[in-house]
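Every read-out reported here was derived from the displayed coordinates using simple, explicitly stated rules and does not represent laboratory data. Here the structure is a predicted model, which means the values were calculated and not measured. Positions of Cβ are generated from backbone atoms using ideal geometry, with glycine treated the same way; all protein chains shown enter the neighbour counts.
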Amino acid sequence: MEEPDGASRPATEPTPRPASRSDSPSTSGRVEWLLVVALLAVPMAVVPGGDDAPTLVSLWGFVTLGGDGSGLGGYPVWAYFLDQPRPFATLPPSIRAWPLALGFHLLAAGSATSGVALGREDRRVTGGLLVLAAAATLWVAAGLGVRFGVGATAGWFAVLPASALATLALAVAAYGRDLRGIAVR
């Protein structure tokens, strides 16, 4: 092939490819997949207990550490919703966001799993689901903070929103370039 300046280039050399919209891989890698799935185990909130026994509020329910000397105590989220005497629509908005948080996390894990297992994934979808999962878990943690704290804002600082912080950090670190592609358009 003839170059514009007259120099020739071998025919087997590929032509330079223009820069794509992102240089990130097209699917999640195994490490990203493992981190997305690991988020299912990170507690949404850590609520301090009165007798130095914190309660972990996870996507799956409540886990009380220590407390009355019995070690661990648990209460699954489905039992919480089934035992409620009130209709779902009358529960506080932050509690109604709990199933959304679980759903967004499961959908993000499914999206990343399809990327690793099948090689088919839109990283923007996975990243977007992680951002939505972070928002929903933050909503749950903020509601718990208001209920377990004193006053409308003091309680926010009594509850650590571990899952929201971890989920948002993973979304930005692993899928941030893909998400920026959406925001720039």
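Take each of the peptides 104-113, 77-86, average the number of other beta-carbon atoms within 10 Å over its residues, and list them starting from the highest.
Values: 104-113: 21.2, 77-86: 10.7.
Put in order of decreasing packing, that is 104-113, 77-86.
How far apart, in nanometres, would the label points at R120 and V37 be if each is projected 7 angstrom from Cα along the Cα-to-Cβ direction?
For R120 paired with V37, the spin-label model returns 2.0 nm.
Just to check I understand the Karplus step: with θ = phi - 60° and J = 6.51 cos²θ - 1.76 cosθ + 1.60, what whole-Hz values come out for region 56-61, glycine and proline as x?
Using θ = phi - 60°, the values come out as 8, 9, 9, 5, 9, x Hz.
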